[in-house]
Amino acid sequence: MMFRISNNLVGILNFLTFLLSIPIVGGGIWLRNHGSSECEKFLDTPVIILGVFLMVVSLAGLVGACCRVSWLLWFYLLVMFLLIVVLFCFTIFAFVVTNKGAGEVLSGRGYKEYKLGDYSNWLQKRVTNTKNWNKVKSCLIDGKVCSEFSTKYANITVTQLYKENLNALQSGCCKPADECAFTYVNPTTWTAPAAPKSTNPDCTVWGNDPTTLCFNCDSCKAGLLDNIRNDWKKVAVINIIVLVFLIIVYSVGCCAFRNNRRDNSAYFSGWKQQA
């Protein structure tokens, strides 16, 4: 009875995982062939690798549990154990690198402004790398982050803009920092003062061209890190739930593996006695 419960449960779970892997692989192949931007194509290889990984592991678990192939089930359990360890380490790492950083509250403003130095050194190094940032910048431009911002607030005054609750990317990438003291024309067009009023390097990086704006500013990189920080904290919480689920599945798989060995031992013992 125990064999039926544990092996069948592992088989069912891995069959569902195998079905899930099919659209993941298909989605990765579609992105590779039809991706319209570098941002979309950047995701194709990780998606395909994830789909193939799930497919191989789920097949090993399915065949190992249902056909009593102990070595396949052992391989499945080994991969599951490594996955649990990696996920646990990543969860701890995510909490560590996201424990620093927050937007600066400004008096009389509905939004916050973001400083790159407020975030963890590890995250800073990721965005200050020119190659990495060029890819991210391409994604931000392709994603029309500032184009939609400009359209949404096209007909408001600067006083009204100051009261808006802008998100981190809009505040950091689509407008100059308040301390630059630029003159407002529209949400994405500002005139620099004749004499610089701030030593903030972002003030000299700003450009009114829709593909320039503040995409090369430290404030834009900080705005992205603030989004990543918030997203990683959510992911870390989800990872804890996934870890609990994986540990339960791993425990059931261990029962199935033990039952496979017991069943195989009984089979060979009976065969030897007959011989």
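The values are calculated or read from the model by the stated rules, or taken from the named source; none is laboratory data. Keep in mind the model is a prediction, meaning the values are calculated, not measured. Counting neighbours? That spans all protein chains shown, and the Cβs are built from the backbone with ideal geometry, glycine included. Accessible surface areas use protein heavy atoms only, side chains included; no ligands, DNA or RNA. Shrake-Rupley method; radii C 1.70, N 1.55, O 1.52, S 1.80 Å.
In the chain, carbon and sulfur make up what percent of the accessible area (probe 1.4 Å)?
Of all accessible area on the chain, carbon and sulfur atoms account for 64 percent.
Any idea which of Trp206, Asn186, Ser58 is furthest toward the positive side of the dipole for the chain, if Lys and Arg beta-carbons carry +1 and Asp and Glu beta-carbons -1?
Ser58
With a probe of 1.4 Å, find how much accessible area the chain has per residue, and write the answer as a whole number in Å².
About 57 Å² of surface per residue is accessible.
Against the longest alpha carbon principal axis of the chain, how many degrees, from 0 to 90 and to the nearest 10, is the axis of helix 130-142 turned?
Here the helix axis deviates by roughly 80 degrees.
To test your reading of the geometry: what angle, between 0 and 90 degrees and rounded to tens, separates the Cα axis of helix 218-274 from the longest principal axis of the chain?
With rounding to tens, the tilt is 0 degrees.
Work out the charge dipole of segment 155-243 with +1 on the Cβ of Lys and Arg and -1 on the Cβ of Asp and Glu about the Cα centre, then indicate which of Ala195, Cys217, Gly172 is farthest towards its positive end.
Gly172
Please get the size of the charge dipole for segment 104-149, origin at its Cα centre, with Cβ charges of +1 on Lys and Arg and -1 on Asp and Glu, quoted in debye to the nearest 20.
That gives a dipole near 220 debye.
Hey, what number do you get for the chain at 222 nm if only DSSP H runs of n ≥ 4 count, each worth -39500 (n - 2.57), divided across all residues, to the nearest 500?
When only DSSP H runs of four or more count, the value is -23000 deg cm²/dmol.
By how many degrees, between 0 and 90 and to the nearest 10, does the Cα long axis of helix 70-97 differ from the longest principal axis of the chain?
Approximately 20 degrees, to the nearest 10.
Considering only Cα-Cα distances, which of the following residue pairs are longer than 19 Å: Lys163/Lys197; Lys131/Lys234; Lys100/Lys233; Lys115/Lys221; Lys125/Lys234; Lys112/Lys144?
Lys163/Lys197; Lys131/Lys234; Lys125/Lys234; Lys112/Lys144
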